[in-house]
Each structure stands twice: as structure tokens, then as C-alpha cells.
Amino acid sequence: MHKLLQKWLDQRGIEKVDDLDNTPMPDGSATERDTFNEYRQALMKKELTLKDFSDYCKRQVGIIESRWSDYTLDNARKAELIPYHTVYKTMVAIIDSPIANREALIDTLEQLTK
């Protein structure tokens, strides 16, 4: 296990990964254990691929969209998620788009992140 993950567990007094919360989240986001395992897999790889990054962005879009469908979440909080959603969707579009369209998408993303 990566030393930072072990340090994180130690700081929280968690002895083993199975002790992490695995209760499904009401907003559809990953459980604490699922998130930990995702981090562990990412840290085990010597190099992340473009597909890994694209998959991560798509998961984030899914989490945000599931929060938007949560009727218990107030509209102000939902509105705070719009910039994140826009950036993740743009990143996926950049990765998935033909080379000719990438430059325009990159300009859009630069404008969004200023």
C-alpha cells in the first residue's frame, strides 16, 4: 500500500481497509471504501493514461449530476456545482473530440478557469 494512504488510515485510527465506511451515499457518490480503493489503484500505477483521466472526469460528471437530481439539496448548493460540471465535461470533450475541435475547446476551458 502507498505510504500516504497508510498515513491517512493511521491518522484516522483505521486499522484495515475493511473498516472504512461502505454505506451507499444518498447522492450516489462513491463510498469511503470505494474512494480509498480508487486512490489505491491510481497510486499503484506507474503512469496514468488519458483513458484513466477521461474515466475520472466522467465519474465526477456522474456524481455532480446525481447531486443535481437530489431534491433535498438546496438550489444554491446545486448552482455551486455548475463550474465543476462545466470543466469536467469540457475535459472529456477535449479528450474525445477530433483534433480540429480541440483548440476551440482548449480556449473555452482557459476562459472558464481564469
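The values are calculated or read from the model by the stated rules, or taken from the named source; none is laboratory data. Not measured: the values here are computed from a predicted model. Note: ideal-geometry Cβ built from the backbone for every residue, glycine included; neighbour counts use all protein chains shown.
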### Task
Keeping to region 1-53, report how many residues are surrounded by 11 or more Cβ atoms within 10 Å (Cβ to Cβ) and of a type in the set (Ser, Thr, Tyr).
4
### Query
Among the residues of region 90-98, is there at least one that is under 26 Å from ARG40 (Cα atoms) and at pLDDT 90 or above?
yes
### Message
Filter region 1-42 down to the residues that are among the polar types (S, T, N, Q) and within 23 Å of ARG59 (Cβ to Cβ) and list them by number.
### Response
ASN22, THR23, SER29, THR31, THR35, ASN37, GLN41
### Message
Restricting to region 9-65, and then to whatever is hydroxyl-bearing (Ser, Thr, Tyr) and assigned to a loop (DSSP other than H, G, I, E, B), can you tell me which residue is nearest to ALA93 (Cα to Cα)?
### Response
THR49
### Summary
For region 70-106 the number of residues that are within 20 Å of LEU50 (Cβ to Cβ) and among the charged types (D, E, K, R) is 4
### Task
Restricting attention to region 68-89, report how many residues are at pLDDT below 90 and under 25 Å from ALA42 (Cα atoms).
0
## Note on the structure
Taking region 54-103 and keeping only residues that are surrounded by 12 or more Cβ atoms within 10 Å (Cβ to Cβ), over 16 Å from ASP27 (Cα atoms) and of a type in the set (A, V, I, L, M, F, W, C), one is left with CYS57, VAL87, MET91, VAL92, ALA93, ILE94, ILE95
